[in-house]
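For reference, the structure is listed below as structure tokens.
The values are calculated or read from the model by the stated rules, or taken from the named source; none is laboratory data. Because the structure is a prediction, the values reported are computed rather than measured. Cβ coordinates were reconstructed from backbone atoms using ideal geometry, including for glycine residues, and neighbour counts include every protein chain displayed. Heavy atoms of the whole protein, side chains included, go into the accessibility calculation; ligands, DNA and RNA do not. Shrake-Rupley method; radii C 1.70, N 1.55, O 1.52, S 1.80 Å.
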Amino acid sequence: MERLELRRHAPRDGERDALSSEGRTIASGVGRSRKQRYDAIFVSPAARAAETAAWILRGAGQQLPPDHAVIPGLAGHDSTGGSPEGLAAGVRALLDRIPDGGLGLAISHTPLVERTAFGLTGREVAPMAGCEGILITRHDDRSISIEELRLPVGP
């Protein structure tokens, strides 16, 4: 069994390709609350995606694992232009890079996270806010299940 957290990047700083102060706080909080150890990290080519992964790792108290990469398909830059089927195929390839029983983290964008969920399961999910996503589990029989990873609503 392999698992992959596929998350939207944290909130950005206006039109810049960087996280806002709030985005850094949210991403760090995700790392603290999940308390996961990641075996692999994958990010889209956007700087805000790499920054989100860095802040999640920081919150989790973890260094960057040896298996990490920029994956153009996480930004929809694949031969299908980010179709649900193309994104699902790309995620299956990422799952192949995660050791058995391991967990990976991939940072993408909306609506690509939602399209991936549909491509993998045929199930639509509501739009993701910054740092929300899905937990994809590939079971030993190669079947796929997903769980939505929503952030808690404020006080």
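Some notes on this structure:
- Number of positions in the range 131-150 that are open to solvent by less than 50 Å² (accessible area, probe 1.4 Å) and either among the hydrophobic types (A, V, I, L, M, F, W, C) or assigned to a strand (DSSP E or B) (or both): 11
- Residue match in the range 39-58 (condition: under 22 Å from R16 (Cβ atoms), modelled with pLDDT of 95 or more and more than 15 Å from the chain's Cα centre (by Cα)): yes
- Number of residues in the range 69-89 that are surrounded by 18 or more Cβ atoms within 10 Å (Cβ to Cβ) and not in a helix (DSSP H, G or I): the value is 3.
- Pick from the range 18-36, criterion modelled with pLDDT of 95 or more and in a loop (DSSP other than H, G, I, E, B), ranking: surrounded by the fewest Cβ atoms within 10 Å (Cβ to Cβ): A18
- The single condition among (1) among the small types (G, A, S); (2) more than 18 Å from R8 (Cβ to Cβ); (3) modelled with pLDDT of 95 or more that S108 does not meet is (2).
- A Cβ distance below 7 Å, combined with a sequence gap of six or more or placement on separate chains, defines the contacts here; from the range 17-36, residues that are farther than 13 Å from C131 by Cα reach residues that are acidic (D, E) in the pairs A18/E51.
- Boolean, S108 is over 15 Å from the mean Cα position of the chain (by Cα) and over 14 Å from I146 (Cα atoms): no
- Residues satisfying the stated conditions in the range 90-130, i.e. surrounded by fewer than 18 Cβ atoms within 10 Å (Cβ to Cβ), small (G, A, S) and at negative phi: A93, A126, A129
- Lone qualifier among E51, E85, E147, E132 - being among the acidic types (D, E), in contact (Cβ under 8 Å) with a residue 12 or more places away in the chain, touching a helix residue (DSSP H, G or I) at 6+ places or on another chain (Cβ under 9 Å) and within 14 Å of E5 (Cβ to Cβ): E132
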